[in-house]
Amino acid sequence: MNARSHAVFPRVNRAGWTDTLRVIMTIVAPTVARGIIIRRRAIEHLAEQQDWDAKAVKQMQRLKRKYGPAPLLLPIPFRPQLLLLDPADVSTVLQSSPEPFAAATAEKHAALSHVEPKNVLVSSASRRGELRSAHEQALATADRLHPYSAHFKAVVDAEFLQLLRDIGSNRSAELDWPAFSQARFRAVRRLVLGERARNDIKLTETLNDLRERANWAFAAPVDRGKLALFHQQVSHYLSDPEKHSLVSRFPKGGEFAPESQVAQWLFAFDAAGIAVMRTLAMLACHVSYWAKAVEEAMSGDLDRPFTRSCLLEVLRLWPTTPVILRQLTEDIKSGGRVIRRGTGVIIFAPFFHRDPEFLYANRMEPSIWGENDALPAAGLVPFSAGPAICPAHNLVPTVASLAVGAFLSAADVVLLQPSLTVDNLPGSLDHFAIRLRLAARRKE
């Protein structure tokens with residue numbers, strides 16, 4: 001037996017079949033139904049109406065009371081999973097990636113093979129270091145502010161201020177997801193690929209078609225023709241990268257399969273867009289937070305620490321990556337039990353992010369973040385944590401903060417829909433349904 005001689009987990013409990021089925025029905029199935037690669041609008045609406053996330057958190061709380069805080073082994077046939085119930089174990093697993101907890105799980109392989117089959121997220125251990133280094137160089141992972149942040153601000157301001165002009169020339173207008181999303185796509189294409197890509201709607205449509213297919217993971221064959229078309233569309237920009245585009249920062253030489261890496265950047269900014277709409281909604285409900293964020297926006301500084309903390313709070317309240325997956329690369333011992341190589345690990349972020357022991361569990365509290373993008377010891381990991389932390393964990397909050405600031409510098413915002421109670425925020429918030437009234441601010 002090749003199990004580790006020391007225990008990664010001092011103890012692992014085994015769930016009964018009934019509780020395993022409940023986890024599948026209340027956590028796994030709803031997460032998959034909403035879209036693991038691209039969100040399904042109708043299901044997001046249903047999730048908010050039925051408050052799926054709050055119900056899932058209550059189910060997790062019940063399991064912890066019943067079995068205790070140790071990881072819970074779900075005996076799913078052919079695909080057993082360890083469900084984490086203690087934030088200390090979250091920190092252990094994320095700090096121990098990629099060995100023995102690999103980020104390249106079978107589920108990720110099945111989904112990402114449709115859109116980015118050679119991405120770092122599903123790369124082998126031998127390839128991961130080289131690909132990760134290329135991402136970190138391009139995205140300036142270690143830098144709080146990306147070297148191109150001033151350029152990013154100019155792009156974001158141009159696109160969103162133009163949006164404000166487009167949706168209403170009078171003193172008030174309404175902003176909804178479709179209008180916001182189109183401006184966001186233009187900005188993202190410019191940031192990632194350069195100015196020539198601004199109006200390349202066909203590229204985004206091709207990518208979204210692939211992402212919709214990727215939602216089906218194992219259940220659908222790869223559309224190799226469309227994947228080849230996407231690679232061809234992207235290669236047009238890679239062959240002659242524009243100055244200040246993210247692709248211009250790729251290392252020269254080497255076999256990076258850049259089309260697969262760029263695909264991740266193009267759709268990973270979805271998290272930023274969703275967070276921006278939700279943050280605007282939250283700031284509209286919190287007068288004191290609103291005033292501080294406006295002050296930052298009017299200052300013109302590139303670093304917006306308070307706005308950044310507000311965005312992280314929105315990602316805590318409503319994680320855009322609700323489930324973080326890992327997979328054991330070797331057998332491990334836990335007490336008298338051996339957990340076999342290939343067993344999956346599930347970190348259900350809303351359970352930890354809405355821990356009822358937190359006084360701020362269901363309300364907005366930006367002060368908890370400080371200079372941090374993750375608090376793994378508490379299980380607060382909006383961009384994951386450890387060696388496999390999202391390489392854009394600094395870039396995405398920067399761009400999203402600049403986008404929020406673009407609106408706040410030009411307009412006052414009123415939340416029209418949904419109606420929220422700020423002291424008891426809902427477990428689910430459908431970003432597709434958010435509607436905001438923007439009133440142009442008078443110049444004095």
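A few points about this structure:
- The accessible-area ordering, largest first, of the residues I332, I37, I167 stands as I167, I37, I332, per a 1.4 angstrom probe.
- When the alpha carbon coordinates of segment 349-404 are projected onto the principal axes, the ranges are 31, 28, 18 Å, largest first.
- For segment 308-418, the ratio of Cα radius of gyration to the globular rule of thumb 2.2 N^0.38 Å stands at 1.33.
- Using heavy atoms of the protein chains and a probe of 1.4 Å, the accessible area assigned to D240 is about 100 Å².
- Residues in segment 344-382 reached by a label modelled at V422 [backbone nitrogen below 17 Å; 7 Å Cα→Cβ]: 360-368
- M25 exposes around 120 Å² of accessible area when a 1.4 Å probe is run over every protein chain in place.
- Taking the convex hull of Cα positions in segment 251-351, its mean projected area over all directions (nm²): 11.1 nm²
- Where Rh is the Kirkwood radius over Cα pairs, Rg/Rh for segment 150-228: 1.10
- Distances between every pair of Cα atoms in segment 313-375, grouped in 5 Å steps from 0 to the bin holding the largest one, split as 4, 15, 20, 17, 12, 11, 11, 9, 2 percent.
- Extension gain for F358-D176 works out to 62.3 nm (0.36 nm per residue, less the C-alpha to C-alpha distance).
- Taking one quarter of the surface of the C-alpha convex hull of segment 62-129 gives a mean projected area of 5.9 nm².
- Over segment 179-286: Kirkwood hydrodynamic radius from C-alpha pairwise inverse distances, Å: 15.1 Å
- Distribution of pairwise C-alpha distances over segment 383-444, 5 Å bins, in %: 4, 13, 14, 16, 20, 16, 10, 5, 1, 0
- Calculated [θ] (222 nm, deg cm²/dmol) that DSSP helices of n ≥ 4 give over the chain, each run adding -39,500 (n - 2.57): -15000 deg cm²/dmol
- Hydrodynamic radius of the chain per Kirkwood, over alpha carbon pairs, in Å: 22.6 Å
- The DSSP beta bridges internal to the chain are antiparallel in roughly 75% of cases.
- Globularity ratio of segment 199-257, using Cα Rg and 2.2 N^0.38 Å: 1.32
- For segment 92-212, the spread of Cα coordinates along the three principal axes comes to 59, 33, 31 Å, biggest extent given first.
- Once the chain from H236 to L302 is taken as fully extended at 0.36 nm per residue, the excess over their C-alpha distance is 20.7 nm.
- The accessible-area ordering, largest first, of the residues T398, T321, T329 stands as T321, T329, T398, per a 1.4 angstrom probe.
- Angle in degrees between helix 287-299 and the longest Cα principal axis of the chain, rounded to the nearest 10: 60 degrees
- Label-to-label distance, E205 versus E136, with points set 7 angstrom from Cα along the beta-carbon direction: 4.0 nm.
- The candidates R437, R211, R127, arranged from most to least accessible area with a 1.4 Å probe in the full protein assembly, appear as R437, R127, R211.
- Against the chain, whose longest principal axis comes from its Cα atoms, helix 395-408 is set at around 40 degrees.
- At the listed q of 0.14, 0.27, 0.30 Å⁻¹, the Debye profile of segment 20-75, built from one uniform point per Cα, gives log10 I(q)/I(0) equal to -0.42, -1.08, -1.21.
- Point-to-point label distance, L21-I167, nm (Cα→Cβ direction, 7 Å offset): 4.6 nm
- The solvent-accessible area of H151, taken with every protein chain present and a 1.4 Å probe, is close to 50 Å².
- The share of alpha-carbon pairs in segment 1-123 lying farther apart than 25 Å comes to 36%.
The values are calculated or read from the model by the stated rules, or taken from the named source; none is laboratory data. As the structure is a prediction and not an experimental result, all values here were calculated from the model. No Cβ is skipped: glycine too gets one built from the backbone with ideal geometry, and neighbour counts run over all protein chains shown. Remember, those area values only see protein heavy atoms, side chains included, never the ligands or the DNA or RNA. Shrake-Rupley method; radii C 1.70, N 1.55, O 1.52, S 1.80 Å.
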